[in-house]
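Notes for the one structure printed next.
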Amino acid sequence: MIPFDLAEPTSLSDAIKLLDPDDPTIRPVGGGTALMLMMKAGVFQPAKLVSLRKIEKQYSQVNASADGLTIGALTTLATLERSAEVAKAAPLITRTMLTLSNIRVRNVATVGGALAHGDPHMDLPPVMMALGATANIVGPDGERSLPLEDMLTGYYETALEKNELIATVHVPAQGTKKAHYAKVTTGSADDWPALGVAVVLDAEGQAIKSVRLVVSAATEKATRMSGAETILTDKTADDKTLAEAADAAADEADIIADVRGSASYKRELIRVYVRRAVRAALATNGAQ
């Protein structure tokens with residue numbers, strides 16, 4: 001790696017002041033698990049990194065309330081994994097952590113980084129999107145909130161300005177909703193997925209009242225399958241309905257081919273795993 005400057009501000013506001021929207025060689029860094037790999041590979045050569053590790057502790061904490069979870073952007077994935085509040089309010093996140101990379105990465109990688117990086121292969125964005133999460137974003141012009149489905153705009157692309165940072169992520173209360181995340185890998189269980197399918201639904205028995213269905217890894221960004229959601233809503237999850245929803249998801253997904261599979265292979269994976277994910281969600285005992 002080439003030499004670079006490292007700034008270590010002690011507040012979120014000071015960190016934002018150090019970011020220059022006109023200078024792409026200045027980047028914020030939380031855990032750095034993805035950024036350091038890019039630097040070692042020569043894909044990115046920064047002039048300055050703005051470390052967020054010393055900013056206010058409130059951005060590294062998880063807080064639960066009646067309306068859901070507020071998760072600081074600097075919260076590590078390992079903290080999510082071990083949080084009693086997360087396990088109670090959104091156990092889907094806890095279960096997902098068990099196959100998200102390895103414990104060494106989870107000890108360092110942060111929630112904000114996993115979302116802001118825009119990598120379609122990451123496991124956390126589709127899960128958070130299915131749960132209806134919203135990012136609270138801070139910049140020099142103030143704060144704004146964006147649903148994750150609006151923040152993730154393309155392949156490694158987000159709606160974040162170059163001088164904006166995710167401060168917190170809000171996951172609304174899930175009540176008695178049921179959920180499942182299906183991850184398909186061509187290697188070990190904690191490998192990068194060829195496909196991720198996250199589903200969160202409100203149902204009585206097999207009768208689905210509402211559903212959020214998100215596909216990732218096979219697509220250029222984590223994406224809600226609106227056509228499949230429409231087919232499933234207010235329907236009984238019988239074989240015919242699930243097959244129609246799976247076909248709709250496969251048809252509307254913007255597939256990308258990569259080393260983990262061809263477009264046709266990934267499209268067929270969607271057909272299979274949308275059905276499996278919905279059935280698995282319906283089979284969960286109690287809330288999620």
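The values are calculated or read from the model by the stated rules, or taken from the named source; none is laboratory data. Quick caveat, the model's predicted, so the values are computed rather than measured. Heads up, the Cβs are rebuilt from the backbone with ideal geometry, glycines too, and the neighbour counts pull from every protein chain shown.
So that you can scan it fast, the table gives a plain yes or no per residue for (1) under 16 Å from Ala222 (Cα atoms); (2) in contact with a Phe, Trp or Tyr (Cβ under 8 Å, 6 or more places away or on another chain); (3) in the same structural domain as Lys221 (by TED's automatic domain parsing):
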position: Asp141; (1), (2), (3): no, no, no
position: Ala159; (1), (2), (3): yes, no, no
position: Ala167; (1), (2), (3): no, yes, no
position: Thr185; (1), (2), (3): no, yes, yes
position: Leu195; (1), (2), (3): yes, yes, yes
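Check whether at least one residue in the range 189-205 is assigned to a strand (DSSP E or B), small (Gly, Ala, Ser) and under 15 Å from Gly132 (Cα atoms), and report yes or no. Within the range 189-205, one or more residues are assigned to a strand (DSSP E or B), small (Gly, Ala, Ser) and under 15 Å from Gly132 (Cα atoms).
Would you check if there is a residue in the range 63-81 being outside the structural domain of Met128 (by TED's automatic domain parsing) and touching a Gly at 6+ places or on another chain (Cβ under 6 Å)? Scanning the range 63-81, I find no residue that is outside the structural domain of Met128 (by TED's automatic domain parsing) and touching a Gly at 6+ places or on another chain (Cβ under 6 Å), so the answer is no.
Just to be sure, is Ser210 under 22 Å from the mean Cα position of the chain (by Cα), part of a strand (DSSP E or B) and surrounded by fewer than 16 Cβ atoms within 10 Å (Cβ to Cβ)? Criteria met by Ser210.
The residue that is modelled with the lowest pLDDT, counting only those in the range 276-288 that are surrounded by 21 or more Cβ atoms within 10 Å (Cβ to Cβ) and in contact with a helix residue (DSSP H, G or I) (Cβ under 8 Å, 6 or more places away or on another chain), is Gln288. Among the residues here, Ala167 does not qualify as touching a Gly at 6+ places or on another chain (Cβ under 9 Å), closer than 30 Å to Ile208 by Cα and either part of a strand (DSSP E or B) or of a type in the set (Ser, Thr, Tyr) (or both). If only residues of the range 51-92 that are in contact with an Asp or Glu (Cβ under 8 Å, 6 or more places away or on another chain) and under 27 Å from Thr176 (Cβ atoms) are counted, the one that is surrounded by the most Cβ atoms within 10 Å (Cβ to Cβ) is Leu69. Can we say Tyr181 is of a type outside the set (A, V, I, L, M), touching a His at 6+ places or on another chain (Cβ under 8 Å) and either more than 30 Å from Asp22 (Cβ to Cβ) or surrounded by fewer than 20 Cβ atoms within 10 Å (Cβ to Cβ) (or both)? No; evaluated as a whole, the condition is false for this residue. Taking the range 81-119 as the range and being assigned to a loop (DSSP other than H, G, I, E, B), within 23 Å of Ser188 (Cβ to Cβ) and touching a helix residue (DSSP H, G or I) at 6+ places or on another chain (Cβ under 9 Å) as the test, the residues that pass are Leu98, Leu100, Ser101, Asn107, Val108, Ala109, His117, Asp119. Could we say that Gln45 is assigned to a helix (DSSP H, G or I) and of a type outside the set (Asp, Glu) here? The answer is no for Gln45. Just to verify a result, which residue in the range 251-282, among those that are free of Cβ contacts under 8 Å to residues at least 24 places away in the same chain and among the aliphatic types (A, V, I, L, M), is farthest from Ser210 (Cα to Cα)? This residue is Val259. In this structure, Ala73 does not satisfy being modelled with pLDDT of 95 or more and touching a Lys or Arg at 6+ places or on another chain (Cβ under 9 Å). Of the residues making up the range 136-164, those that are outside any strand (DSSP E or B), surrounded by 14 or more Cβ atoms within 10 Å (Cβ to Cβ) and under 14 Å from the mean Cα position of the chain (by Cα) are Leu148, Glu149, Met151. Taken as a whole, the structure leaves Thr110 outside the set of residues that are surrounded by fewer than 22 Cβ atoms within 10 Å (Cβ to Cβ) and touching a residue at least 12 places away in the same chain (Cβ under 8 Å).
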